[in-house]
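The values are calculated or read from the model by the stated rules, or taken from the named source; none is laboratory data. Treat the numbers as computed from the prediction; the structure is a model and nothing was measured. We place every Cβ from the backbone using ideal geometry, glycine too, and count neighbours over all the protein chains shown.
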Amino acid sequence: MARCVYCAAATEMYVSEVPICLNCSDRQEKRKPPAREQQIRAMLVDGLVEATARTSAASQAFNRVMSQFPSGLPHPDGAQQIQNASAALAEARKELMRAHNRLNDYLGRGIVPDDLQRTG
């Protein structure tokens, strides 16, 4: 039988593959995260929201450029417009993935991004 990581009581209960007894689990659920944790989470969620908005805007811009060429044959500067819109969309998607990864790392493993550790 496993031992609770907080009080060393015998337990068969696991939370995220970590043994924890019922009493300690109840205490963990009741406690509010410290203000610093809430600030970090809020900053990461805000970053994700902003990256999502940028990705949506870049996607709409790309769709507008592509809809200008219904025949499939763009005019001479159309190819450059398509490349520019595509590059902007690709960069926005990379930023969105970075924002997702930062939030997932923090929520799942407690990893605080370096830039947020320094702001504390």
| query | If you check every pair at least six apart or on different chains, which have Cβ atoms under 9 Å apart with a residue in region 26-46 that is in the same structural domain as Asn104 (by TED's automatic domain parsing) and among the small types (Gly, Ala, Ser) first and a residue that is at pLDDT 80 or above and not in a loop (DSSP other than H, G, I, E, B) second? | reply | none
| remark: Counting only residues that are assigned to a helix (DSSP H, G or I) and either among the β-branched types (Val, Ile, Thr) or surrounded by 12 or more Cβ atoms within 10 Å (Cβ to Cβ) (or both), region 102-119 contains a total of 7
| Residues of region 41-90 satisfying the condition of being surrounded by fewer than 14 Cβ atoms within 10 Å (Cβ to Cβ) and within 30 Å of Val112 (Cα to Cα) | Ala42, Asp46, Val49, Glu50, Ala53, Ser56, Ala57, Ala87, Ala90
| In this structure, does Leu107 turn out to be within 27 Å of Val15 (Cβ to Cβ), modelled with pLDDT under 95 and out of contact with any His (no Cβ under 8 Å at 6 or more places or on another chain)? | yes
| request: Could you identify the single residue in Arg31, Arg54, Arg64 that is at pLDDT below 90 and of a type outside the set (Gly, Ala, Ser)? | output: Arg31
